[in-house]
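Peer 1: Take a look at the following structure, please.
The values are calculated or read from the model by the stated rules, or taken from the named source; none is laboratory data. None of the values given here were measured: they were computed from a predicted structure. Counting neighbours? That spans all protein chains shown, and the Cβs are built from the backbone with ideal geometry, glycine included. Remember, those area values only see protein heavy atoms, side chains included, never the ligands or the DNA or RNA. Shrake-Rupley method; radii C 1.70, N 1.55, O 1.52, S 1.80 Å.
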Amino acid sequence: LRWSAAVRKRTAGSFGSLAKQFTTEQRERYTTLASLYELGSWPDLCTKRELKGNLHMLDLLDSALGSERPRGPSLDVGSLNWWYLPAQMSAVPGPWTGVELDAHQRYASFTTRKGHAEWLCDHHQETQYHAGCVSELNGSYGFVCWFLPYVVPQPLVSAGLPDRFFEPERLLRHVWSLLAPGGRLLIVNQSARESEIQGELFERLGIEGNSLGLTPSVFAGDDDDERHSWVASKPI
């Protein structure tokens, strides 16, 4: 069923209650990020948990992309319910498209991933969410984010997706074809082993990927897996 109940959130309202729980290192990093990016709308769109998650995401994007910001339009592959859209819009303003294969996954509230993502899109101009496979998309993007791609079968199986969707090489080839000349692709893997496999995929397809190695964040939770990042720029 693709119908979604209306999204109702208990949003944070401010950074105040979250900031009280910051460590000294987190407080310093938050101050730096707040001076570089527009975070003002976040508390009205995010729960307290999502607020910290978006800081984690922005911290990662800031570290991975450096001072030279990519130019959109931008694409996010595997967006889930796109809870981290505020961080992406702050890091790289402009048009964004999110795509999620399992977009109709339903929560206990009878809302779906797609419903939550579209609720966020309603609060951000020039954003759209596509329920389906990234291979269905065409167009040209100046920046592509791909968090936790399925480069080994087990995470896909754990997500309850059919084996036929395990096509890491074909999907990477298609995503690369969507990247405009001079554009940048950021891929984040969830372990050193998956990052190693990611490097092998780049090599097989003749893509020059730059491994950033372990990409830590002071906002990561104790149960968060380690993150390893790759950046690839498409020749002009």
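Peer 1: Considering only residues that are at pLDDT below 95 and under 14 Å from residue 73 (Cβ atoms), which ones fall in region 139-186?
Peer 2: Residue satisfying the conditions is 139 alone.
Peer 1: Right, something else. Considering 202, 147, which residue is in contact with a strand residue (DSSP E or B) (Cβ under 8 Å, 6 or more places away or on another chain) and closer than 24 Å to residue 58 by Cβ? Working first, answer last.
Peer 2: Working: 202 fails: closer than 24 Å to residue 58 by Cβ.
It is 147.
Peer 1: Hey, another quick one. Out of 193, 184, which single residue is in contact with a Ser or Thr (Cβ under 6 Å, 6 or more places away or on another chain), open to solvent by 20 Å² or more (accessible area, probe 1.4 Å) and not acidic (Asp, Glu)? Before the answer, list the steps.
Peer 2: Working: 193 fails: in contact with a Ser or Thr (Cβ under 6 Å, 6 or more places away or on another chain).
Within the list 193, 184, the selection yields 184.
Peer 1: Among the acidic types (Asp, Glu) and either buried (at least 22 other Cβ atoms within 10 Å of the Cβ) or under 10 Å from the mean Cα position of the chain (by Cα) (or both): which single residue out of 76, 62, 44 fits that description?
Peer 2: Values: 62 fails: either buried (at least 22 other Cβ atoms within 10 Å of the Cβ) or under 10 Å from the mean Cα position of the chain (by Cα) (or both); 44 fails: either buried (at least 22 other Cβ atoms within 10 Å of the Cβ) or under 10 Å from the mean Cα position of the chain (by Cα) (or both).
Criteria check complete, one pass: 76.
Peer 1: Within region 152-181, how many residues turn out to be under 20 Å from the mean Cα position of the chain (by Cα), within 21 Å of residue 65 (Cα to Cα) and open to solvent by 40 Å² or more (accessible area, probe 1.4 Å)?
Peer 2: Summing the residues that are under 20 Å from the mean Cα position of the chain (by Cα), within 21 Å of residue 65 (Cα to Cα) and open to solvent by 40 Å² or more (accessible area, probe 1.4 Å) in region 152-181 gives 2.
Peer 1: For region 102-120, name all the residues that are surrounded by fewer than 22 Cβ atoms within 10 Å (Cβ to Cβ), touching a residue at least 24 places away in the same chain (Cβ under 8 Å) and not in a helix (DSSP H, G or I).
Peer 2: 102, 104, 106, 109, 110, 111
Peer 1: Go through region 39-84 and give me each residue that's over 23 Å from residue 105 (Cβ atoms), touching a residue at least 60 places away in the same chain (Cβ under 8 Å), part of a loop (DSSP other than H, G, I, E, B) and in contact with a strand residue (DSSP E or B) (Cβ under 9 Å, 6 or more places away or on another chain).
Peer 2: Across region 39-84, the qualifying residues are 70, 71, 72, 73.
Peer 1: Hey, can you tell me all the residues within region 210-233 that are surrounded by fewer than 18 Cβ atoms within 10 Å (Cβ to Cβ), touching a strand residue (DSSP E or B) at 6+ places or on another chain (Cβ under 9 Å) and not hydrophobic (A, V, I, L, M, F, W, C)?
Peer 2: Within region 210-233, 210, 211, 213, 226, 233 qualify.
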